[in-house]
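Working notes, structure below.
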Amino acid sequence: MAFASKRTWPFLPAEWPYLRAATLASGPRDGMNPVERVALYAVAIQTGLRSAELRSLTKADLFLAGEQRYVRCRAENTKNKQEARQYIQVDLAEELRGLVANKTPTANVFPMPDEFHVAEMLRGDLAAARKQWLDEMKHDPDARARREESDFLAVVNHQGEELDFHALRHTTGAWLALQGEHPNVIKTVMRHSTITLTMDTYGHLLPEQHAEAIGGMVNMLACKTGLAATGTAGSATAPGAAPATQNNATGCEPVRAVDEPADMPQTLEFPRKSGDDKAKTKSAPCRTRTNLAKHRENEESARRQRATQRIFRRFAAHHRRLAHSRRGNPAGNPGPRARPWRAPGSDREGQGG
């Protein structure tokens, strides 16, 4: 027996109103009433939570007050074992408030069936939504026939792919991409491990911005004097460039603006420094040399201080050894431990070891 592959591409924004209306108009399905199923689908789309994560939500995980409403998924219930905070819209928060009003804090928000039957439940609601969409054209056989050939709200598409519950999570990232959100925002909402995964999955849905990006460079390329584009064959003026004329200009020479001085350079240059700037630049090495001299003076002072401390430590150690040897030798004869005092760096020639 051959099984159809699962459809994981997103729902279209135009499909959601039909799915919501058809679900609310139907009766209970797989142990969930219509209001619960609509809330489940909406939470899945707005948060991107997976089926198991949605099943683990309790009333205590709903934060429906304040300016930012969100749903919390505990770390032990997420795929990456990190707590997730997924924000939701105000209208959905009000629906959830009424849904869990009579539930205890530890009660599950959604009485979801198992993984297999939750997908069957979604397929049943989607089939009812497609039927409602087709019945809109029941008085126009040709238009209905065209709709029947479409994959709109289809449980199984023309490639034989069957709808899966994971398509609701995929809808989250796809709709964020379609409205032009930054890829990092999509990555955060979808809780992807890498930006590469986000771009590979939703990059093709991001709005094309190449033309706008190049078009925006006109503000960077434009000169304050209204410099036009370089001269080329023909007499057409570059779009957005100021009208320019130049006598005896060839096709390879740059065209200058009418009010542009003849000696103006045609290359990009940094602004020339004024007299004050030059004075500041010349004085900079002087300040550097002064700072370096102070640094060396401080280093020399610290070195002399360390040498003096070493001399005092050795002098004190010598007297301790001398006192110890005298206590053990009342005659005052210097023992092997009572070596004569020698300052560091002194000449040792002619002295006993």
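Coupling constants for region 105-122 follow from the phi torsions by the Karplus curve (6.51 cos²θ - 1.76 cosθ + 1.60, θ = phi - 60°), and in residue order they are x, 8, 6, 5, 5, 10, x, 6, x, 5, 4, 5, 6, 5, 6, 4, 5, 5 Hz; glycine and proline get x.
Net length available on complete extension from Arg310 to Arg97 is 68.9 nm, with 0.36 nm assigned per residue and the Cα-Cα distance removed. Taking amide H as placed 1.01 Å from N in the peptide plane, Tyr87 has its amide H under 5 Å from the amide H of Val71, each at least 5 places away in sequence or on another chain.
Phi angles across region 37-52 convert, under the Karplus curve 6.51 cos²θ - 1.76 cosθ + 1.60 with θ = phi - 60°, into 3J(HN,Hα) values of 5, 4, 5, 4, 4, 5, 5, 4, 6, 7, 10, x, 5, 7, 4, 5 Hz, Gly and Pro given as x. Evaluating 6.51 cos²θ - 1.76 cosθ + 1.60 at θ = phi - 60° for every residue in region 305-310, the Karplus couplings come out as 5, 5, 5, 4, 5, 5 Hz, glycine and proline recorded as x.
Grouping the Cα pair distances of region 6-180 into 10 Å bins from zero gives a pair-distance distribution of 9, 36, 36, 14, 4, 0 percent in increasing distance order. Cβ-to-Cβ counts within 10 Å put His139, His319 in ascending order as His139, His319, the fewest first.
For Ser150, nonlocal amide neighbours, meaning residues 5 or more places apart or on other chains whose placed amide H falls under 5 Å from its own, do not occur. With a Förster radius of 45 Å applied to the beta-carbon distance between Val185 and Ala302, the computed FRET efficiency rounds to 0.25. The gain in end-to-end length when the Asn108 to Glu136 segment is fully stretched comes to 6.3 nm, 0.36 nm per residue minus the alpha carbon separation. If R0 is taken as 45 Å, the Cβ-Cβ distance between Thr196 and Leu24 corresponds to a FRET efficiency of 0.70.
A short reminder: the numbers here are calculations on the coordinates, not readings from a lab. Here the structure is a predicted model, which means the values were calculated and not measured. All Cβ positions, glycine included, derive from the backbone under ideal geometry; neighbour counts span all protein chains shown.
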